Amino acid sequence: MSVTAIVGAQWGDEGKGRIIDYLAQRADVVIRFQGGDNAGHTVVNEFGRHALHLVPSGIFNPSTQNIIGTGCVVNPQSLLAEMEGLAAAGINCDNLWISTRAQMVMPYHPILDVLEEKARGKDSIGTTKRGIGPAYSDKSARSGLRIGDLLHPDWLEIRLDNALRTVNRKIEILGGEPVEGQEVFALLMEFREKLGDRIVDTTPMVRRFLETRADILLEGQLGVMRDLDWGIYPYVTSSNPTATFAPSGAGLPARCIDEVIGVVKAYSTAVGDGPFPTELFDDEGEKLREIGQEYGATTGRPRRCGWFDGVAISYAAWLNGMTGLAITKLDVLDHFEHIKVCTGYRLPSGEIVTDTMPDTPILYEVSPVYESWDGWLSSTSHCRSWDDLPEQARVYIQRLSELAGVPIAYVSVGAEREQMFAV
Ligand code: GDP
Ligand code: IMO
Ligand code: MG
């Protein structure tokens, strides 16, 4: 009987998928509110291990409805591939709905993404190359096509003609091969055939859930440090992963959110370019990557690893209005004799900042101020309650909570559904 936003509190890949899979066991509906198939939300449960890209992480619970919300950009081709993969593993996708108003990632958007990244040269963003930036750019430029357009072929054809006039010129300028309108249209008609029944105006459904006081989970993608407005611009995604934007992307009134759970790893990781103050370039970083298996769920890229960033969590907690933290991957730290936590950034002037996030050019120049904690050097993966945790692990995560100024709501000690508990 509440509306809970689940958001990434760092640079993405915090373990949002596993938290949502766990919470969805009691949710009536899960709504993805932004992003596209740049997401890779890993869920490990009785159905196996699945990296979800567009399908909300409530799909494993047969009584939960799953909505890809208006704030998302949807690549129908990759959605269909994902649904096929789920069906092959025995997961029923009958409860999956797509908002008519969600934007479509068109076949030319990934082409543009690759060409634009190439043109950026050494200043590339390190995107997932899924066409996310170009799709959101077209949305803002009002030349995007929406998923609901598939239901109106005459309108779709006019919109496509219109879009291609600029798109093909852009592709040519950037040195690519223009796309053929007829071919794209034929492909879109295939998508209509395969997805048509799931493309609905989700507003009445969402409104009914809210009015009947259902349990609603709002699933975010990525994390605050890559938010279009509040992240390390321009090394960000093209949408807003912060909770403030969740009701808008889901089609809910702003004041409806009851809880905001910030998902946070017990250390830091990032994929893609841009400043990352606590990044480790030594054996400790390598150890985090290997024990944590820190490789991108979408692109397979090795993730950059570092110690927990207290400045970033304080910023994330404030911006999101977090009511609770879900701390993941605590077990990865089982193997460390000493664990560091960044509590401030030293600016080139010598001043230390703790409660503001410096802007991107400054962030490149800060050095993290660390405090060091003793590790617990014992396994936490079997722990199923706060009291099961080693004393030193409790002290450590209490410190993370103190830096965030937010209480701990959940702790995860392994990727499996049951390796998690409420606090
Ligand atoms: P998301 O994008 O935020 O959903 O996170 P990802 O799925 O991209 O990355 C998180 C990775 O950590 C996945 O491989 C998960 O299976 C794994 N994972 C999640 N929670 C835990 C945990 O508590 N312990 C361990 N060892 N792995 C975890
Ligand atoms: P989940 O939801 C981690 C990063 C890319 C790049 C920047 C922009 O699994 O946490 P984009 O393709 O969105 O234009 O890339 O954002 N990025 C992610 N990093 N997890 C993700 O999703 C990401 N989605 C995008 O690496 O730096
Ligand atoms: Mg991920």
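The values are calculated or read from the model by the stated rules, or taken from the named source; none is laboratory data. Since we're looking at a predicted model, the values are computed, not measured. Neighbour counts are summed over all protein chains in view; Cβ atoms, including those assigned to glycine, are modelled from backbone coordinates with ideal geometry. The protein model used for the area step is the full one, side chains on, heavy atoms only, and it has no ligands, DNA or RNA in it. Shrake-Rupley method; radii C 1.70, N 1.55, O 1.52, S 1.80 Å.
For region 329-423, the list of GluC sites (Glu not before Pro) that fall in a loop by DSSP and count at most 13 other C-beta atoms within 10 angstrom reads GLU337, GLU351, GLU418. The mean of 1/r over all pairs of different alpha-carbon atoms in region 103-196, once inverted, gives a Kirkwood hydrodynamic radius of 13.7 Å. At what distance in nm do the modelled label points of TYR295 and HIS335 sit from each other, each positioned 7 Å from its Cα along Cα→Cβ? Between TYR295 and HIS335, the label points sit 1.5 nm apart. Taking each DSSP H run with n ≥ 4 as -39500 (n - 2.57) and averaging over every residue of the chain yields -9500 deg cm²/dmol at 222 nm. Axis of helix 153-173 versus longest Cα principal axis of the chain: the two differ by about 70°, to the nearest ten degrees.
Which value, in Å², gives the accessible area per residue of region 103-196 when a 1.4 Å probe is used on the protein heavy atoms?
For region 103-196, the solvent-accessible area averages 54 Å² per residue.
Our note on the geometry: Cα centres of region 117-131 and region 356-385, 28 Å apart.
Distance cut-off 22 Å, Cα to Cα: go down the list LYS118/LYS170; LYS265/LYS340; LYS16/LYS329; LYS122/LYS287; LYS287/LYS329 and report the pairs above it. All intermediate terms of the calculation are to be shown ahead of the outcome.
Numbers: LYS118/LYS170 14 Å; LYS265/LYS340 14 Å; LYS16/LYS329 12 Å; LYS122/LYS287 28 Å; LYS287/LYS329 14 Å.
The pairs that break the limit, which is 22 Å between Cα atoms, are LYS122/LYS287.
For ILE158 and CYS256, a Förster radius of 25 Å and the Cβ-Cβ distance give a FRET efficiency of 0.10, rounded to the nearest 0.05. Taking each residue as 0.36 nm, the span from SER2 to VAL353 lengthens on full extension beyond its C-alpha to C-alpha distance by 122.7 nm.
The mean sequence distance of close C-alpha pairs (under 8 Å, at least 6 residues apart), as a share of the length of the chain, puts its relative contact order at 20 percent. The charge dipole of region 269-423, taken about the Cα centre with unit charges on the Cβ atoms of Lys, Arg (+1) and Asp, Glu (-1), comes to about 360 debye, rounded to the nearest 20.
Taking the 1.4 Å solvent-accessible surface of region 103-196 as the whole, the part contributed by carbon and sulfur is 50%. Extending 7 Å from Cα along the Cβ direction at ASP388 and again at GLU190 yields two label points whose distance is 4.7 nm.
Around the Cα centre of region 11-78, unit charges on the Cβ atoms of Lys, Arg, Asp and Glu (plus for the first two, minus for the last two) sum to a dipole of about 40 debye. What the phi angles of region 394-411 give under the Karplus curve with 6.51, -1.76 and 1.60, with θ = phi - 60°, is a coupling list of 5, 4, 4, 6, 5, 5, 4, 5, 5, 5, 6, x, 9, x, 7, 9, 9, 10 Hz, glycine and proline written as x. Of the residues GLY405, GLY251, GLY48, the one that moves most in a GNM of the chain with alpha-carbon contacts below 10 Å is GLY48.
In whole Å, what three semi-axes, largest first, describe the equivalent ellipsoid of the chain built from its Cα gyration tensor (square root of 5 times each eigenvalue)?
36, 26, 18
If you bin all the Cα-Cα distances of region 264-422 at 10 Å, starting from zero, the percentages per bin are 11, 39, 38, 11, 1.
Solvent-accessible surface (1.4 Å probe) assigned to ASP138 amounts to roughly 20 Å².
Annotation: amide H-H contacts under 5 Å for LYS265 (H modelled 1.01 Å from N, sequence separation of 5 or more, or interchain): THR328. The value for region 137-277 of Rg(Cα) / (2.2 N^0.38 Å) is 1.34. Summarising the label geometry, the points placed 7 Å from Cα in the beta-carbon direction at VAL44 and GLU418 lie 1.4 nm from one another.
Entry note, region 264-422: relative contact order of 26 percent, from Cα contacts under 8 Å with a spacing of 6+ residues. Against the chain, whose longest principal axis is taken from its Cα atoms, helix 76-88 shows a tilt of about 70°.
Taking the accessible area of region 274-363, probe 1.4 Å, and keeping the other protein chains in place, the carbon and sulfur fraction comes to 52%. Between helix 283-292 and the chain there is an angle of about 60 degrees, using the helix long axis and the longest principal axis of the Cα atoms.
How do TRP230, TRP97, TRP318, TRP11 rank by accessible surface area computed with a 1.4 Å probe, from largest to smallest?
Most to least solvent-accessible, the answer reads TRP318, TRP230, TRP97, TRP11.
Test of understanding: what is the full-extension gain from SER372 to ARG208, defined as 0.36 nm times their sequence separation minus their Cα-Cα distance?
Contour length minus Cα-Cα distance gives 54.0 nm.
Near the amide H of GLY375, within less than 5 Å, lie the amide hydrogens of HIS338, ILE339, all on another chain or at least 5 residues away, with H placed in the peptide plane.
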